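**Q** Next up is a structure, given as structure tokens.
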Amino acid sequence: MLCLVTGGTGLVGNNVIRCLLENGHQVRALVRHASDARPLAGLEVETTIGDIRDANSVRTAVGNVDVVINAAADLHIGWTRIEQARRINVAGTQNLLDAAVEQNARFIHVSSVDALAAAASEDQPVDEQTPIQPKVPCTYVLTKREAEERVTAAIESGLDAVIVNPGFMLGPWDWKPSSGRMLISVATSFTPIAPRGGMSGCDVRDVAAAIVAIATGSPQHRRYILAGENMRYYDAWRLFAQVTGGKPPFRRMRPEMAKLIGTIGDLWTKISGRETDINSAMLTMSRLFNYYDSNRAFSEFGYQSRPFESTVRDAWKWLQEHHQIG
């Protein structure tokens, strides 16, 4: 098959491209003119220069493809930059949907578990049947939900499409890096207090394999959660420290401390005009139990999530080799 992948220089998209090639498929990547050339170097990939925000370049990129895999996204957990995120996450998705309808191509939309509800408790992970109660109404959550609504509307109009919601991913080919920033932070700076909530840690290679299986298989008009090992951030950070040789946290953050730090971060945003990762949206999200159940994906097409410790070790090795860390 000929598959178009957007976001091909990012963590998910780059792993999807490599998995498609390993399975004998042809790949076309829509890349911006200024994109980093390293992620696609040496790969048998057809590249087309464009931007998902531009409908004309999207229409050209989608021409003659069998499958569109949309892994492009603007990931900012905070209160600012919502119009920028909407242009990429929402309007860009709509451009791809319109082109896929014209081409009669299957559409795989890579969303996020952040578009879903958080777990009510540590022993009640969210699955595809859990009513969607959006998390903190910050830029990333709102725009990922809005993008899903566009996909759902296209499905209702007859498009062959699937939504996948990955958990917190680590693994190789994290060029920016993206999720690997958390691992690097624990490895290189001592943060004695970990966030209070939890995450579902998974391997991006397993997520990519699942996306390729869906792209080449028969399911349609479905949602699949592609998550992994549910654990508290405190335990994840201690694992990160163990693998990287960093200093582990010694306690979880109290709610009142998270609120104070978030308020200070928001004040800094107003003073400086630039929002960092230290803001009340991020701090509130970190208090949630982002725990998920991937049984549907497991039972319907054999999705597997390898042990998270193995993922962390492989991710750290790759980051050391390619980013000269540690």
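**Q** Return the residues of the range 152-183 that are polar (S, T, N, Q) and either under 10 Å from the mean Cα position of the chain (by Cα) or part of a helix (DSSP H, G or I) (or both); say none if nothing qualifies.
**A** Correct list: THR152, ASN165, SER178, SER179.
**Q** Moving to a separate point now. Taking the range 11-43 as the region of interest, how many residues are closer than 16 Å to TRP173 by Cβ, more than 22 Å from the chain's Cα centre (by Cα) and either surrounded by 15 or more Cβ atoms within 10 Å (Cβ to Cβ) or not small (Gly, Ala, Ser) (or both)?
**A** Going through the range 11-43 one residue at a time, the tally reaches 1.
**Q** Being more than 30 Å from LEU267 (Cα to Cα), in contact (Cβ under 8 Å) with a residue 60 or more places away in the chain and in a helix (DSSP H, G or I) is the requirement here; does LEU97 meet it?
**A** yes
**Q** Could you say which residue among ALA187, ALA154, ALA147, ALA119 is out of contact with any helix residue (DSSP H, G or I) (no Cβ under 6 Å at 6 or more places or on another chain) and either surrounded by fewer than 22 Cβ atoms within 10 Å (Cβ to Cβ) or farther than 29 Å from GLU309 by Cβ (or both)?
**A** Only one candidate passes the filter, namely ALA119.
**Q** Would you mind finding the one in ALA241, ALA297, ALA315, ALA236 that is part of a helix (DSSP H, G or I), aliphatic (A, V, I, L, M), modelled with pLDDT of 95 or more and more than 29 Å from THR139 (Cα to Cα)?
**A** Exactly one residue qualifies, and that residue is ALA241.
**Q** Within the group THR60, THR47, THR6, which residue is closer than 22 Å to GLU148 by Cα and among the β-branched types (Val, Ile, Thr)?
**A** THR6
**Q** Taking VAL141 as the residue in question, decide whether it is surrounded by 20 or more Cβ atoms within 10 Å (Cβ to Cβ) and either in a loop (DSSP other than H, G, I, E, B) or among the aliphatic types (A, V, I, L, M) (or both).
**A** When the stated conditions are applied, VAL141 does not pass them.
**Q** Considering only residues that are in contact with a strand residue (DSSP E or B) (Cβ under 8 Å, 6 or more places away or on another chain) and not in a helix (DSSP H, G or I), look in the range 300-311 and name the one that is surrounded by the most Cβ atoms within 10 Å (Cβ to Cβ).
**A** Step by step, filter the range 300-311, then rank; the result is TYR303.
**Q** Which members of the range 44-54 meet the condition of being surrounded by fewer than 22 Cβ atoms within 10 Å (Cβ to Cβ) and either touching a Cys at 6+ places or on another chain (Cβ under 9 Å) or not small (Gly, Ala, Ser) (or both)?
**A** GLU44, VAL45, GLU46, THR47, THR48, ILE49, ASP51, ARG53, ASP54
**Q** Between a residue in the range 50-76 that is closer than 28 Å to SER179 by Cβ and any residue that is assigned to a loop (DSSP other than H, G, I, E, B) and polar (S, T, N, Q), which pairs come within a Cβ distance under 8 Å, given they are 6 or more apart or on different chains?
**A** ALA73/SER112; LEU75/SER178
**Q** On to the next question. Give all pairs with beta carbons closer than 8 Å in which a residue from the range 294-311 that is without any contact (Cβ under 8 Å) to a residue 40 or more places away in the chain meets a residue that is surrounded by fewer than 15 Cβ atoms within 10 Å (Cβ to Cβ); count only pairs at least 6 apart in sequence or on separate chains.
**A** PHE298/GLN304
The values are calculated or read from the model by the stated rules, or taken from the named source; none is laboratory data. Bear in mind the structure is a predicted one, so any value in this text is a computation, not a measurement. Reconstructed Cβ throughout: ideal geometry from the backbone, glycine too, with neighbour counts over all protein chains shown.
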